[in-house]
Amino acid sequence: MSSQTIKEVDAVVLGAGFAGLYMLHQLRSKGFSTVVYEAGDGVGGVWYWNRYPGARCDIESIYYNYTFSKELYEEWTWTSRFPEQKEILQYLNYVADRFQLREDIQFNTRVNAAHFDEELNKWLIDLNDGQQVLAKYFITGIGCLSAANIPKIEGLQQFNGKWYHTGHWPHEQVDFTGKRVGIIGTGSSGIQAIPVIAKVAKHLTVFQRTPQYTIPARNHPYDDGFIKETKQNFEMLKQAMRNSVSGTPFAQNHQSAMEDSDVTRQEVFENAWTQGGFAFSTTYHDLLTNEQSNEQAAEFIRSKIKQIVKNPAIAEKLCPTYMYGTKRQVLDSDYFETYNRENVLLVDVKESPIKKITETGIQTIDKHFDLDIIIFATGYDGMTGPLFKIDIQGKDGVTLKDKWEDGASVQTYLGLTTAGFPNLFMITGPESPSVLVNMPIAIEQHVEWIAQCIDYLRKHDIDVMETKIEAEEAWSKHCREIANGTLYVKGDSWYTGANIAGKPRSFLIYLGGFDYYTKRCNEVAQNNYEGFKLMKLKSIS
Ligand code: NA7
């Protein structure tokens, strides 16, 4: 094919969220021509799309930001412990302006396809406006949770009211005043939205399939003294986060829940409950490896639900029975308290499944619920979903979907690359620590590794970098072995793909610890990118 009329750059990056913005900044600072394509009309990624009421991050704001620039850290001031969506979006807009990133971002543009051209040894990228672009490097920064799951329920198209998915919330304000609202789904999104909507709507019906373990977030405004001290400790915080197991600056707890007496364990759980946030999940190291320890945590939360919810029958329905933490633990603000309101009704759809959506509401097998608005808080096709939405084709015309058999046999090297797809990098891709680490820190580590790698390739006149199959086989095996030693694999969650009808079950998050993972990535780089074939065009032709 001829490349004469096609725009050509060193790198194409997908997505203008935390990952895409920093990737652009890194590549540009190293002198690589780079363009970012973003489907939305602004930066923010997941924080651009998730505008539903109550949307907040579940990582504390002072940790949920970039650490690559001390000046940036000092300039930006978070207002509260758990940042709301609006504030994170403001932060990312500030970053885009501060580092003049917008000039290399093309908004309102989707990448439909990216095919590796084996004659040119470049990626040919098709955009939704019909344009094409050639790039030596193709880098995805599309997040792990960006492909919305809207369950196929009969009749949705005939519903006369409005319906929304939490991950594609409209930009204009949705007014719930005087409205009968139905919400399907009680994951993080549903649990954040429910208390906020209940305060405004005339009536809220919650369609729950699985109750959740949720802990009070105990969000609060930050005071100036605390912020000042945090900023002063920036270097220490940065090192602590980057060298930690989870991308946060907390020391790892090495104690088993079964080593403590019943009384002490209750005190430990009670303290964590009072403290709020993710403190609960770090009370003991074996909550997700030892079923007995897990049950202690589960039972503690169930006892709290029964204390908070006044109606014992409703409390019972809200008590989860699956293993604690095998679905992501949720943080809430007054979630269980909301079920004490008179305008809130809980419908257990395991007991009474949804049959269809009608013109006027939702019909379960035994009752019709009249609704003006339906909200799908039904989550995402995680990890592979965002990648499979794009026709990514590597060597010999094999697509990523073909190679990974729709998710049944995902194999990557370090969660960054995959054999047969030369010069393709996936920021926080499958089999990297990604969502079980503080995301901005995981992203920074990937972005810096990729930028250094591309720089190395340029310095050594290498045109094509390709993963060796044996390297990815070993990495995937290592990932699976660690995951299989935990309780995570037993859960029906987006972690395992069990939330999507027909999706093959696989656990695609690296659980060996962010610190070990970073060390391993650095070793690969130091050993001249072991596990990769590095080729010069002369030697290919
Ligand atoms: P989640 O955590 O995947 O939650 C989705 C919820 O929707 C969950 O309660 C599901 O029940 C429920 N769901 C999904 N499909 C259906 C159908 N067909 N009928 C009834 N209920 C359904 O997504 P979120 O957006 O809340 O959170 C995603 C992540 O974002 C979160 O973990 C944080 O990391 C941030 P199920 O449990 O599958 O029975």
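Would you please name the residue that is farthest from residue 328 (Cα to Cα), looking only at residues in region 438-448 that are in contact with a helix residue (DSSP H, G or I) (Cβ under 6 Å, 6 or more places away or on another chain) and open to solvent by 10 Å² or more (accessible area, probe 1.4 Å)?
Looking at residues that are in contact with a helix residue (DSSP H, G or I) (Cβ under 6 Å, 6 or more places away or on another chain) and open to solvent by 10 Å² or more (accessible area, probe 1.4 Å), I get 445.
Considering only region 135-157, I want to know if a residue exists there that is closer than 30 Å to residue 273 by Cα and more than 16 Å from the ligand (Cβ to nearest atom).
Among the residues of region 135-157, not one is closer than 30 Å to residue 273 by Cα and more than 16 Å from the ligand (Cβ to nearest atom), which makes the answer no.
Considering only region 377-435, state which residues are β-branched (Val, Ile, Thr) and free of Cβ contacts under 8 Å to residues at least 60 places away in the same chain.
At the first step, the residues of region 377-435 found to be β-branched (Val, Ile, Thr) are 378, 384, 390, 392, 398-399, 410, 412, 417-418, 427-428, 435.
Across region 377-435, the qualifying residues are 398, 399, 418.
When region 21-52 is examined, which residues are found to be within 16 Å of the ligand (Cβ to nearest atom) and open to solvent by less than 30 Å² (accessible area, probe 1.4 Å)?
Passing the criteria: 44, 45, 47, 48, 50, 52.
Would you say residue 491 is within 16 Å of the ligand (Cβ to nearest atom) and more than 26 Å from residue 213 (Cβ to Cβ)?
Values: within 16 Å of the ligand (Cβ to nearest atom): yes; more than 26 Å from residue 213 (Cβ to Cβ): no.
In short, no.
Of the residues 256, 293, 281, 303, which single one is under 22 Å from residue 434 (Cα atoms), open to solvent by less than 50 Å² (accessible area, probe 1.4 Å) and outside the structural domain of residue 338 (by TED's automatic domain parsing)?
Being under 22 Å from residue 434 (Cα atoms), open to solvent by less than 50 Å² (accessible area, probe 1.4 Å) and outside the structural domain of residue 338 (by TED's automatic domain parsing) holds for just one of 256, 293, 281, 303, which is 281.
Would a scan of region 333-348 turn up a residue that is within 16 Å of the ligand (Cβ to nearest atom), surrounded by fewer than 16 Cβ atoms within 10 Å (Cβ to Cβ) and outside any loop (DSSP other than H, G, I, E, B)?
Yes, because at least one residue in region 333-348 is within 16 Å of the ligand (Cβ to nearest atom), surrounded by fewer than 16 Cβ atoms within 10 Å (Cβ to Cβ) and outside any loop (DSSP other than H, G, I, E, B).
Looking only at residues in region 164-199 that are outside any strand (DSSP E or B) and without any contact (Cβ under 8 Å) to a residue 40 or more places away in the chain, which one is farthest from the ligand (Cβ to nearest atom)? Show your work before the answer.
Step one: of region 164-199, the residues outside any strand (DSSP E or B) are 166-176, 178-179, 185-199.
With without any contact (Cβ under 8 Å) to a residue 40 or more places away in the chain added as a condition, the list becomes 172-173, 175, 178, 199.
Values: 172: 21, 173: 21, 175: 22, 178: 26, 199: 19 Å.
Ranking the candidates gives 178 first.
Kindly evaluate residue 455 against the criterion of being surrounded by fewer than 16 Cβ atoms within 10 Å (Cβ to Cβ) and within 21 Å of residue 22 (Cβ to Cβ). If you could, list the steps in order and put the result at the bottom.
Working: surrounded by fewer than 16 Cβ atoms within 10 Å (Cβ to Cβ): yes; within 21 Å of residue 22 (Cβ to Cβ): yes.
Answer is yes for this residue.
Among what's in region 472-485 and is hydrophobic (A, V, I, L, M, F, W, C) and surrounded by fewer than 20 Cβ atoms within 10 Å (Cβ to Cβ), pick the residue that is farthest from residue 511 (Cα to Cα). Lay out the reasoning, then the answer.
We begin by selecting, within region 472-485, every residue hydrophobic (A, V, I, L, M, F, W, C); these are 474-475, 479, 482-483.
The next check asks that each one be surrounded by fewer than 20 Cβ atoms within 10 Å (Cβ to Cβ); those that pass are 474, 482.
Numbers: 474: 15, 482: 6 Å.
The qualifying residue farthest from residue 511 (Cα to Cα) is 474.
Taking strands (runs of 3 or more DSSP E) that do not extend beyond region 356-434, which have at least 1 residues that are under 29 Å from residue 162 (Cα atoms) and of a type in the set (Gly, Ala, Ser)?
Values: elements: 361-364, 368-370, 373-376, 391-393, 424-426.
Filter on region 356-434 gives 361-364.
Can you tell me which residue among 364, 412 is over 24 Å from residue 170 (Cα atoms), within 24 Å of the chain's Cα centre (by Cα), crowded, with 16+ Cβ neighbours inside 10 Å and polar (S, T, N, Q)?
On the way: 364 fails: within 24 Å of the chain's Cα centre (by Cα).
Selected residue: 412, the only one of 364, 412 that is over 24 Å from residue 170 (Cα atoms), within 24 Å of the chain's Cα centre (by Cα), crowded, with 16+ Cβ neighbours inside 10 Å and polar (S, T, N, Q).
For (1) farther than 27 Å from residue 186 by Cα; (2) open to solvent by less than 60 Å² (accessible area, probe 1.4 Å), each residue gets a yes or a no:
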residue: 93; (1), (2): yes, yes
residue: 98; (1), (2): yes, no
residue: 119; (1), (2): yes, no
residue: 137; (1), (2): yes, yes
residue: 143; (1), (2): no, yes
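The values are calculated or read from the model by the stated rules, or taken from the named source; none is laboratory data. Here the structure is a predicted model, which is why all the values come from computation and not from measurement. Cβ coordinates were reconstructed from backbone atoms using ideal geometry, including for glycine residues, and neighbour counts include every protein chain displayed. What goes into the accessible areas is simple: the full protein's heavy atoms, side chains included, and nothing from ligands, DNA or RNA. Shrake-Rupley method; radii C 1.70, N 1.55, O 1.52, S 1.80 Å.
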